[in-house]
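Notes follow the structure.
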2 protein chains.
Amino acid sequence: MATVIREPVPEYRFSRRALVQPSAIRELLRDASVPGMISLAGGMPQAQLFDIEGLREATLEAFRQVPRQALQYGPTEGQESLQRALAAHLSQRAIRVSPGSIQVTTGSQQALDLIARAFLDEGDRVALEVPTYLAAVQAFDLRGAQYLEIPAAADGAAVDTLEAALAADRLNPVPKLAYIVSNFGNPGGASLSVERRLALLRWAVARGVFLLEDDPYGDLRFRGHAPPPLWVLAQRMPGAAAWCGYVSSLSKIVAPGLRIGWMVLPPRVANTVTRIKQALDLHTSSLAQEIAARYLLSGKLERRLDAVRRTYAAQCDALCAALHDRLHDEITFSVPDGGMFLWCRFRECVDTAVLLAHAREHGVIFVPGAVFYPRGGDPATLRLSFSTCSADELREGVRRLKLALCSYRERAIATIVPVSKRCP
Amino acid sequence: MATVIREPVPEYRFSRRALVQPSAIRELLRDASVPGMISLAGGMPQAQLFDIEGLREATLEAFRQVPRQALQYGPTEGQESLQRALAAHLSQRAIRVSPGSIQVTTGSQQALDLIARAFLDEGDRVALEVPTYLAAVQAFDLRGAQYLEIPAAADGAAVDTLEAALAADRLNPVPKLAYIVSNFGNPGGASLSVERRLALLRWAVARGVFLLEDDPYGDLRFRGHAPPPLWVLAQRMPGAAAWCGYVSSLSKIVAPGLRIGWMVLPPRVANTVTRIKQALDLHTSSLAQEIAARYLLSGKLERRLDAVRRTYAAQCDALCAALHDRLHDEITFSVPDGGMFLWCRFRECVDTAVLLAHAREHGVIFVPGAVFYPRGGDPATLRLSFSTCSADELREGVRRLKLALCSYRERAIATIVPVSKRCP
């Protein structure tokens, strides 16, 4: 019999922050590929809505017009063609910037990492609404950030609580950064009111906090009127322009596979970020940028966006109706005006992390809400996505969720556990 | 007359390492676009050699075969198709790995950043050859790294000096990382001998240092026999496989605009790196990956590489012959066997940073060698690139360099400066 010699286990000397937690959602999404599973857990746009033909034509045009430029190294700031196309795109949203002041990034995730690296050292604080975008917390966690939490409700983050929170917490330094998803936040689905936008800006200027407005979903509004971006309000408020940056992405409106995001930043912050990006990936794919530029200039996006908004609105309505029909005694939620997510809370204490195990068995998954809080949060909350499932699938998903809730309750009663323990 | 109200200058609280120096080369390259300028300074592959038609076909195939997959979010590890294609590509270089053990990165620059973030905290040390790849130092600098320098010569880094350097420097910790470009280093042009590869591996294992082999130029060998990659040697040396990683890229052999790099890492390091990459950019462009996969599988790369090698060899020969004809009394250099760079040293003290100003006036630029040393280095050295200029341009560039040297010498004599000051 052959002897197996085991190699000694290597003792790697990893960096302090290397052992970041993997995204809970990422692990969860493995279940989404189980046959028959209805996933209300994902954060992906609907692939059936991608403008494949339009993007294919944009690609052929890039190969015809600028083949070598699209394949060669390019400037860290971004390809000029894309900077120009994005400036035109933004001007339709009242954001008037020169092309040269746009920093292209490898998806908006890289923008978050760049801002984190520009501002944060170990222990520095970030003010953010809770619940908040999980991957932003991951980028900030990698820098060893601490958080000043702003509770969020149906009308967005309660920014009027910021000074009180600082006063109650004098031992900790003033945050260096504030991070906010201004429209249809992930997971909360809420948008910040104009009053709150102005209050947040005033606070950032007064405290010298750099405010990053993340707006990947603003173009997915299917109801109501869009409040002006924080960035636009900042240009009109004395002293505020220097303290506000804007980040967005083509991932939710064109296609995530391009990995095209961008930032509009005040000049000194932009210079700092560009120098850091050089050490991160030199620049974003020139080919992807030249394709994106041509697609934006083709004028096909606005037509496509109409279709996306109509589809998401119908799916959102189907989900809301199903929740109302089957679970109205059980949960509360606000009806979203756009975006991809719906945020729910059970009226009575239900631990959605435990409920998820039952849901999985019944063929439906969602994301328990607690993962969207950096320091843990309300276990009775959950995030449901309506971007990828058809209306029928959403209705069936809610039916299964109801079954899962019954089996969760039966188990809780059957288990010999004091009632007090069942409601954390 | 209107009164201009100046806004107060904002006092940003940037992070400690945010103010990294911009790459000296990057600033220099702005001069490369001056009409008539001959640039021996660049580090770009020759765009005329890109296989535009082959890549266009690969793109159309991606749009035909997997349009939604190419445009949707994908796994952080990389698209399966590209992992498989890279495993096949690597097996031709005696690197036998399963597709799943390849981590795709956004260019090899991101691989360097990922490894820096996985291992380095402020003040941690990296052992690296000097002169070394500038952008690697930028990535390590962003982590606040310190360096243990290994002097490099024509046969690569003098790794036998490592223990003596450690002994002479007991106050500093043992490096956590060692970084080496194994073939045709940038800027040195040298390759590490097999004996030195083995010695470096033994040292890394004995000291628990993670050794990253960077090999973007290995496929650009136009003379001589390739030594086995450190990664291959590590698989055969007991205990070494866990301490060695391999990074390479399509930038020098296919096209940099795709931003496709990759790493082969031991399992626990790979897991750590994948989790970090998730917070950096979620994943590399799915579209670029699906294109790259199809191009690699088309079998067109090997034919294209033959053309690239023949062209670079002819250009390298032209540069060496011109240097020999015009400057053989002035400079020493080793004739490269591959890659894109030639490293020179003036026999008598010449400050190449000052010479560059004269060269610019004569219509030629190069990179002064001192920038490739993290702590500054020999001012009499310079890097010449032979990848992008034709043989005629290279000859003309050397003629101009000779004129610049004359004007440098005349200026030095004309200036009332003691002779001793002229030779730093």
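The values are calculated or read from the model by the stated rules, or taken from the named source; none is laboratory data. Note that this is a predicted model, so its numbers are computed, not measured. Neighbour counts run over all protein chains shown; Cβ positions are idealised from the backbone, glycine included. Each accessible area value is taken on the protein alone, full model and side chains, heavy atoms only, with ligands, DNA and RNA left out. Shrake-Rupley method; radii C 1.70, N 1.55, O 1.52, S 1.80 Å.
Tell me, which residue of region A:212-228 that is in a strand (DSSP E or B) and buried (at least 23 other Cβ atoms within 10 Å of the Cβ) is farthest from the chain's Cα centre (by Cα)?
Keep residues of region A:212-228 that are in a strand (DSSP E or B), which gives A:212-214, A:221.
Filter once more, keeping what is buried (at least 23 other Cβ atoms within 10 Å of the Cβ): A:212-214.
Details: A:LEU212: 13, A:GLU213: 11, A:ASP214: 8 Å.
Checking each candidate, the answer is A:LEU212.
Being away from chain B (no Cβ under 14 Å), of a type in the set (D, E, K, R), farther than 30 Å from B:LEU55 by Cα and open to solvent by 10 Å² or more (accessible area, probe 1.4 Å) is a description that applies to A:ARG93. Scan region B:146-157 for residues that are open to solvent by less than 50 Å² (accessible area, probe 1.4 Å) and modelled with pLDDT under 90 and the total you get is 3.
Which residues, taken from region B:66-91, are without any contact (Cβ under 8 Å) to a residue 40 or more places away in the chain and polar (S, T, N, Q)?
The first filter runs over region B:66-91 and keeps only residues without any contact (Cβ under 8 Å) to a residue 40 or more places away in the chain, leaving B:67-68, B:80, B:83, B:87, B:91.
Correct list: B:GLN83, B:SER91.
Scanning region B:105-121 for residues that are open to solvent by 10 Å² or more (accessible area, probe 1.4 Å) and more than 15 Å from the chain's Cα centre (by Cα) yields a total of 1.
The condition of being surrounded by fewer than 24 Cβ atoms within 10 Å (Cβ to Cβ) and either under 19 Å from A:THR106 (Cβ atoms) or away from chain A (no Cβ under 11 Å) (or both) does not hold for B:ALA139. Residues in region A:229-238 that are in contact with a Leu (Cβ under 8 Å, 6 or more places away or on another chain) and within 13 Å of chain B (Cβ to nearest Cβ) were compared, and the one that is least open to solvent (accessible area, probe 1.4 Å) is A:ALA234.
Among the residues examined, B:LEU86 qualifies as more than 9 Å from chain A (Cβ to nearest Cβ), buried (at least 22 other Cβ atoms within 10 Å of the Cβ), assigned to a helix (DSSP H, G or I) and aliphatic (A, V, I, L, M).
Rundown of residues vs (1) over 24 Å from B:MET44 (Cβ atoms); (2) of a type in the set (S, T, N, Q); (3) in contact with a Phe, Trp or Tyr (Cβ under 6 Å, 6 or more places away or on another chain), yes/no style:
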position	(1), (2), (3)
B:GLY338	no, no, yes
B:ALA380	yes, no, yes
B:THR388	no, yes, no
B:ALA391	no, no, no
B:ALA404	no, no, no
B:ALA412	yes, no, no
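Taking region A:284-304 only, how many residues are facing chain B (nearest Cβ under 9 Å), part of a helix (DSSP H, G or I) and of a type in the set (Ser, Thr, Tyr)?
We begin by selecting, within region A:284-304, every residue facing chain B (nearest Cβ under 9 Å); these are A:284-291.
Restricting the remaining residues to those that are part of a helix (DSSP H, G or I) gives A:286-291.
Cutting the leftovers down to of a type in the set (Ser, Thr, Tyr) gives us A:286.
Total meeting the criteria: 1.
If you go through region B:326-351 and keep only what is in contact (Cβ under 8 Å) with a residue 60 or more places away in the chain, closer than 14 Å to B:LEU394 by Cβ and hydrophobic (A, V, I, L, M, F, W, C), you end up with B:LEU327, B:MET340, B:PHE341, B:LEU342. Going by the conditions given, is B:PHE63 open to solvent by less than 20 Å² (accessible area, probe 1.4 Å), farther than 20 Å from B:TYR312 by Cβ and within 9 Å of another protein chain (Cβ to nearest Cβ)? Taking the combined requirement at face value, the residue satisfies it.
Considered as a group, the residues in region A:267-283 that are at the interface with chain B (Cβ under 7 Å from one of its Cβ atoms) and either among the small types (Gly, Ala, Ser) or in contact with a Gly (Cβ under 9 Å, 6 or more places away or on another chain) (or both) include one that is surrounded by the fewest Cβ atoms within 10 Å (Cβ to Cβ), and that residue is A:LEU282.
Among the listed residues A:ALA255, A:ALA241, identify the single one that is surrounded by fewer than 21 Cβ atoms within 10 Å (Cβ to Cβ) and of a type in the set (A, V, I, L, M, F, W, C).
Values: A:ALA255 fails: surrounded by fewer than 21 Cβ atoms within 10 Å (Cβ to Cβ).
Only one candidate qualifies: A:ALA241.
Evaluate region B:239-262: report whether one residue or more is more than 7 Å from every other protein chain (Cβ to nearest Cβ), over 27 Å from A:LEU112 (Cα atoms) and free of Cβ contacts under 8 Å to residues at least 40 places away in the same chain.
At the first step, the residues of region B:239-262 found to be more than 7 Å from every other protein chain (Cβ to nearest Cβ) are B:240-241, B:244-254, B:260-262.
Adding the requirement that they be over 27 Å from A:LEU112 (Cα atoms) leaves B:240-241, B:244-246, B:252-254.
Pick out the ones that are also free of Cβ contacts under 8 Å to residues at least 40 places away in the same chain and you get B:240-241.
So far as region B:239-262 goes, yes, one or more of its residues are more than 7 Å from every other protein chain (Cβ to nearest Cβ), over 27 Å from A:LEU112 (Cα atoms) and free of Cβ contacts under 8 Å to residues at least 40 places away in the same chain.
Filtering A:CYS389, A:CYS316, A:CYS320 for residues that are open to solvent by less than 50 Å² (accessible area, probe 1.4 Å), closer than 30 Å to A:THR59 by Cα and not polar (S, T, N, Q) leaves a single hit, A:CYS389. For region A:16-33, residues that are touching a residue at least 40 places away in the same chain (Cβ under 8 Å) and either open to solvent by less than 80 Å² (accessible area, probe 1.4 Å) or under 20 Å from A:ARG395 (Cα atoms) (or both) total 7.
Residue-wise test of (1) within 21 Å of A:ASP378 (Cβ to Cβ); (2) modelled with pLDDT of 95 or more.
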site: A:ALA293; (1), (2): no, yes
site: A:SER298; (1), (2): no, yes
site: A:THR311; (1), (2): no, yes
site: A:ALA314; (1), (2): no, yes
site: A:ALA322; (1), (2): no, yes
site: A:HIS328; (1), (2): yes, no
site: A:THR332; (1), (2): yes, yes
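Being more than 22 Å from A:LEU280 (Cα to Cα), open to solvent by less than 20 Å² (accessible area, probe 1.4 Å) and over 21 Å from the mean Cα position of the chain (by Cα) is a property that A:LEU55 has.
If you go through region B:346-376 one residue at a time, how many are assigned to a loop (DSSP other than H, G, I, E, B), open to solvent by 40 Å² or more (accessible area, probe 1.4 Å) and among the small types (Gly, Ala, Ser)? Summing the residues that are assigned to a loop (DSSP other than H, G, I, E, B), open to solvent by 40 Å² or more (accessible area, probe 1.4 Å) and among the small types (Gly, Ala, Ser) in region B:346-376 gives 1. Restricting B:GLY74, B:GLY43, B:GLY78 to residues that are assigned to a loop (DSSP other than H, G, I, E, B), open to solvent by 10 Å² or more (accessible area, probe 1.4 Å) and modelled with pLDDT of 95 or more narrows the list to B:GLY74.
Among the residues of region A:328-345, those that are surrounded by fewer than 19 Cβ atoms within 10 Å (Cβ to Cβ) and not in a loop (DSSP other than H, G, I, E, B) comprise A:THR332, A:ARG345. Within region B:376-405, residues that are more than 9 Å from B:LEU319 (Cα to Cα) have Cβ atoms under 7 Å from residues that are acidic (Asp, Glu) in these pairs: B:PRO379/B:ASP351; B:LEU405/B:GLU330, counting only partners at least 6 apart in sequence or on another chain. Of the residues making up region A:50-60, those that are of a type in the set (Gly, Ala, Ser) and at the interface with another protein chain (Cβ under 7 Å from one of its Cβ atoms) number 0.
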